[in-house]
Amino acid sequence: MLNTSRDVVTARQAVAREMKARGTNTIRITRFATAVSEIARNAIMHGGGGELFVFLDRSKTYLIVRCRDRGPGIEDMDRAMPDGYTSANGLGLGLGGAKRLSHGFDVTTTVGEGTIVTMSAKL
């Protein structure tokens, strides 16, 4: 569950631990853990909390993270993805930055129902 900033830290640590256990290099771990932090923080700040799931793909080549919230959703994805957009007082680097730090990145959002972000990192 994602409810507090401590949950963001726990999610980041879990991802880093999984990647390290599979021999992933430190730079790749840091990049993906940062992406996970951004998305988890968004779920708390904009989605009122959420859930984060960490799992491997079938070939055990990628670590996959899925973050789901039940917040207001994202009204305009084209506007939300580029750097500089913010719906709060942030820097506006969250979604676009997380995408750049991931190998795979997908956002499914429904206004009034919430957002699901699925991202992956090559191990």
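We did not get these values from a lab; they are worked out from the coordinates using the rules stated. Keep in mind that this is a model prediction, so the values were computed, not measured. We place every Cβ from the backbone using ideal geometry, glycine too, and count neighbours over all the protein chains shown.
Before moving on, here are some points about what is shown:
- Extension gain, ILE64 back to GLU113 (0.36 nm per residue minus Cα-Cα distance, nm): 15.4 nm
- Ranked MET119, MET81, criterion: other C-beta atoms within 10 Å, fewest first: MET81, MET119
- Assigned charges on the beta-carbon of Lys, Arg, Asp, Glu; the chain dipole about Cα centre (debye): 720
- Kirkwood-based shape ratio for the chain, expressed as Rg/Rh from alpha carbons: 0.95
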